[in-house]
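Visitor: Dropping the structure in here first, questions after.
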Amino acid sequence: MILRGFLAAVLLAAPAAAQQTATEATGAQLRGVDRINGEVFEIVVSSGQTARLQQIEITLRSCRYPAGNPAGDAFASLEITDTNDGSRLFSGWMIASSPALSAMDHPRYDIWVMRCTTS
């Protein structure tokens, strides 16, 4: 009985959470690491622009955050390619609070979203 009440409460709350609006940011702050030498990189890229990190290029298509909360959970649409052969390493959305949910799979580099930028 308690479980049913809990599930009903979750299901009733779900539509409200799904209707939360997002605001488009002007850019994003990303973090990267080179696993071979342990070097950590801070990458700031504007929407529609491409940043280069050693042998990869990162294009930010969009960065969004909860409306009215720029410090809230960011999610960014990225396109990451290998500059050596032009192969696509990642294409999709990354979420700041859940980097493993949609991660780039690369033997040398890790890239994840830290936050959206608004200026």
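The values are calculated or read from the model by the stated rules, or taken from the named source; none is laboratory data. In this text, all values refer to a predicted model and were calculated from it rather than measured experimentally. So basically every Cβ, Gly included, is an ideal-geometry build from the backbone, and we count neighbours across all protein chains shown. To get the accessible areas, we keep the full protein, side chains included, count just its heavy atoms, and leave off ligands, DNA and RNA. Shrake-Rupley method; radii C 1.70, N 1.55, O 1.52, S 1.80 Å.
Visitor: Given a 1.4 Å probe and heavy atoms of the protein chains only, how would you sort 23, 50, largest accessible area at the top?
Guide: So the residues, ranked largest to smallest area, are 50, 23.
Visitor: Using modelled amide H (1.01 Å from N, peptide plane; none on Pro or chain starts), what sits under 5 Å from the amide H of residue 50, excluding residues fewer than 5 places away?
Guide: Close amide H contacts, sequence-distant or interchain: none at all.
Visitor: In what order, largest first, do 90, 75 sit by accessible area if the probe radius is 1.4 Å?
Guide: 75, 90
Visitor: Here's another thing I want to ask about it. Counting only protein chains, not ligands or nucleic acids, how are 108, 64 ordered by accessible area (probe 1.4 Å), most first?
Guide: From most accessible down to least: 64, 108.
Visitor: Can you work out ³J(HN,Hα) from phi for every residue in the range 35-51, in order, using Karplus 6.51 cos²θ - 1.76 cosθ + 1.60 and θ = phi - 60°, giving whole Hz and x for Gly and Pro?
Guide: With coefficients 6.51, -1.76 and 1.60, one gets 5, 6, 10, x, 6, 10, 10, 9, 10, 10, 9, 7, 4, x, 9, 10, 10 Hz.
Visitor: Sticking with the crude label model, points 7 Å out along Cα→Cβ, report the distance from residue 62 to residue 42 in nm, one decimal please.
Guide: The modelled label-to-label distance comes out at 2.8 nm.
Visitor: A further question follows. Short version: ³J(HN,Hα) in whole Hz for each residue of the range 53-69, in order, from phi by Karplus 6.51 cos²θ - 1.76 cosθ + 1.60 (θ = phi - 60°), x for Gly and Pro, what are they?
Guide: Karplus-based 3J(HN,Hα) across the range 53-69 equals 10, 6, 9, 10, 10, 10, 9, 8, 8, 6, 9, 10, 9, x, 3, x, 9 Hz.
Visitor: Another question about this same structure. What is the calculated FRET efficiency for residue 50 to residue 23, with r their C-beta to C-beta distance and R₀ = 22 Å, to the nearest 0.05?
Guide: 0.45
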